[in-house]
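Taking it in order: structure first as structure tokens, then the write-up.
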């Protein structure tokens, strides 16, 4: 009987190890794990009691003392590593060492997550019930905000759940470049009784998709932005290179509703307008149309005016708001434009003035064929005019617009740096309305081409445009650097390059090591 009791400690240790493995797999400390742990501990105690004399004899040996010291050292090291791991789990820190920051959330995403005031439940419907790339992204969101909760659901195994949430988009698609099979699906974001869907049929769910859905989910109202038409302005519905469809999509992704308006036929700015955009008119608007814009500003609205060189400057309207557009074209000979493969007629902006629109904004922007826009020398009572950004010190405003070989003339031209965009504010209180005064907001930019389809997604142009509209709509919370599609950093090799790489790595390098080894062996043998 005593012989069997002496072996109980081994069985007890096995039970304790089993309890630990069970917990590590299930992450649940249930009755089975507790039972194994208690039973194992009892058996270990009984086994030690049965082997009491042998244990004392063994502990008295010299070899046992060395073994004990070694065991204590191992326990201390394991304890130290376990302690570090525990602290790391409680206070996680992540470091992104990639050059493009592909594992870091965009500043706008971080800003929105930190300001969440309600729980967001995210349900991801994907075949197989998982999608590692999306899971990694959701882990980043969860790390930034404990209000984010997520779960993956397999719509094929749980069609009733998919039907309940009206999910119909899911499956697989083939990457056109690599031929690999990828998953498509639906991500549902729920906040209270509000929902936003992200449906992807032939592309992956990206950070910008989730962040834009969060923005829409948090909006209490849908603000309307109207683009003025009728005088050759840029068309938000045009998908041509010179159109504004990308700008329209960017605004809609931020939760705005975009429409067009002809002020001449409408005879006013629509009552539901939050912002009005005048994007590069090629003909002078009627005086009455400019008066409609003035009335709209005096009601606390926001207006973005973008005027190109040699185009109507709407000078009388801008003058009444303390803005003076110059009749020039900004040329930059600093060489900065070469970074974009551009000449002096496309000035680059790399530094910005202190303003809400450009707070924390560090991206380069460029402005093809821009004119300078200055605060008026004569200030307008109650109106504040601030420069948003300027050209470089090695730029000037060329006033001889017909000269193909422009050179700086101190007598005629404007010496840089030159203001290229201004922001205007004025406290207004509509007649007959009670309550505190509101602010009229006006932004004037000396170029409308920087936000066309062919330039919108390049460098910081699109971000700057959206920041301007967010400020005009009094949505300062949306002013930031927005997430963008991850950069494709794959190296595409031709067949001949693949063969050369194969020969180098499989034959040449291993062969060189083999020859060197044989040579050293023969020398030592001699």
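What follows is calculated from the coordinates using simple rules that are stated; it is not laboratory data. Since the structure is predicted, the reported quantities are computational estimates derived from the model, not experimental observations. Cβ: placed from backbone, ideal geometry, glycine included. Neighbour counts: every protein chain shown.
Rounded to two decimals, what is the ratio between the C-alpha radius of gyration of the stretch 98-159 and 2.2 N^0.38 Å?
Numbers: Rg = 13.4 Å, N = 62, 2.2 N^0.38 = 10.6 Å.
Rg over 2.2 N^0.38 Å, computed on Cα atoms: 1.27.
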**Request:** Multiply the residue gap between residue 407 and residue 454 by 0.36 nm, knock off their C-alpha separation, and tell me the result in nm, one decimal place.
**Result:** 14.0 nm
**Prompt:** If you take the alpha carbon radius of gyration of the stretch 320-386 and divide it by 2.2 N^0.38 Å, what ratio comes out, to two decimals?
**Reply:** 1.32
**Prompt:** Rg/Rh for the stretch 107-207: what does it come to with C-alpha atoms and Rh from Kirkwood?
**Reply:** 0.98
**Asked** At residue 73 and residue 161, where each label point lies 7 Å from the Cα along Cα→Cβ, what is the point-to-point distance in nanometres?
**Response** 5.1
**Asked** Put a dot 7 Å past each Cα toward the Cβ at residue 49 and residue 17; how far apart are the dots in nm?
**Response** 2.5
**Complete:** For the residue 298, residue 222 Cβ pair and Förster radius 25 Å, calculated FRET efficiency rounded to 0.05 is 0.55
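Assuming 0.36 nm per residue, please report the length gained on full extension of the stretch residue 400 to residue 282 beyond their Cα-Cα distance. Display every interim value, and only then the final one.
Numbers: separation 118, 0.36 × 118 = 42.48 nm, distance 1.98 nm.
Fully extending the segment from residue 400 to residue 282 adds 40.5 nm.
Got the relative contact order for the stretch 288-360 handy, in percent, Cα pairs under 8 Å and 6 or more residues apart?
Numbers: 41 pairs, mean separation 13.0, N = 73.
With pairs under 8 Å counted, the relative contact order is 18 percent.
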**Message:** Testing the spin-label approximation: label points 7 Å from Cα along Cα→Cβ at residue 130 and residue 319. State their distance in nm.
**Reply:** 7.0
**Asked** Measuring from centroid to centroid over Cα atoms, what is the spacing of the stretch 365-419 and the stretch 283-337 in Å?
**Response** 14
**Message:** Suppose a student asked you for the relative contact order of the stretch 107-207, using Cα pairs under 8 Å spaced at least 6 residues apart; what percent would you report?
**Reply:** 30
